[in-house]
Amino acid sequence: MVDHIYVPPAGARPKRGPFIPPLLVIPFIIYNVVAFLFLGGNPAGWNNTIFTIAMVSGTPWVVSLGDLMILGSLVLLFLELLKSTRIGTVSIVEHMLSMGLFVLLLVEFLLVGAASSTVFFILLIMALIDVVAGFTMSITSATRDMSMGGH
């Protein structure tokens, strides 16, 4: 059986996407700025009501500061998961930075009083999902590449 190997033309460089740092660092920074500057280090401040919407059922829907923080973070987690499907050297660095961000979140959650809130814990779990998904997608694509080489 003959294996076919693709050899790129001379001078051709592999196509790589741009380096994008972990997007979940944005809610991490926002959390710390809001918690320390605006809430005075009190994690209970994340329950402050931002607005209320009257529902058809008659029960008001109360949206808190923490709810908005989690909503924005979920959007960034989605983009981060899309980003983790890329392969290459840049993606390995991005996975390492995501792992570092997770460790940073974990240490802050365990040691800093202002981080002892459900909002911060959900950010921590989002960072864990990002790390696990990134490494899982990298391993899956590497396994697929290896299996295609051996038929």
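A few remarks follow.
- Counting 0.36 nm for each residue step from Val132 to Ser64 and taking away their Cα separation leaves a gain of 21.6 nm.
- Gain in span if fully extended, Leu37 to Phe51, counting 0.36 nm per residue against the direct Cα distance: 2.9 nm
- Phe109-Leu71 FRET efficiency (beta carbon distance; Förster radius 22 Å; 0.05 resolution): 0.65
- 3J(HN,Hα) couplings calculated from phi for region 62-76 with the Karplus curve 6.51 cos²θ - 1.76 cosθ + 1.60 (θ = phi - 60°) are, in sequence order, 9, 10, 9, 4, x, 4, 5, 5, 5, 4, x, 5, 5, 4, 5 Hz; Gly and Pro show x.
- Here each label is just a point 7 Å from Cα along the line to Cβ, and for Ile139 and Leu82 those points are 2.6 nm apart.
- For the set His4, His95, solvent exposure ranked by accessible area (probe 1.4 Å, protein chains only) runs largest to smallest as His4, His95.
- Glu94 exposes around 10 Å² of accessible area when a 1.4 Å probe is run over every protein chain in place.
- With R₀ set to 25 Å, the beta-carbon distance separating Met96 from Ile122 gives a calculated FRET efficiency near 0.60.
The values are calculated or read from the model by the stated rules, or taken from the named source; none is laboratory data. Predicted model only: the values in this text are computed from it and were never measured. Backbone-built Cβ (ideal geometry, glycine too); neighbour counts: all protein chains shown. All accessible areas refer to the heavy atoms of the entire protein, side chains included, with ligands and DNA or RNA removed. Shrake-Rupley method; radii C 1.70, N 1.55, O 1.52, S 1.80 Å.
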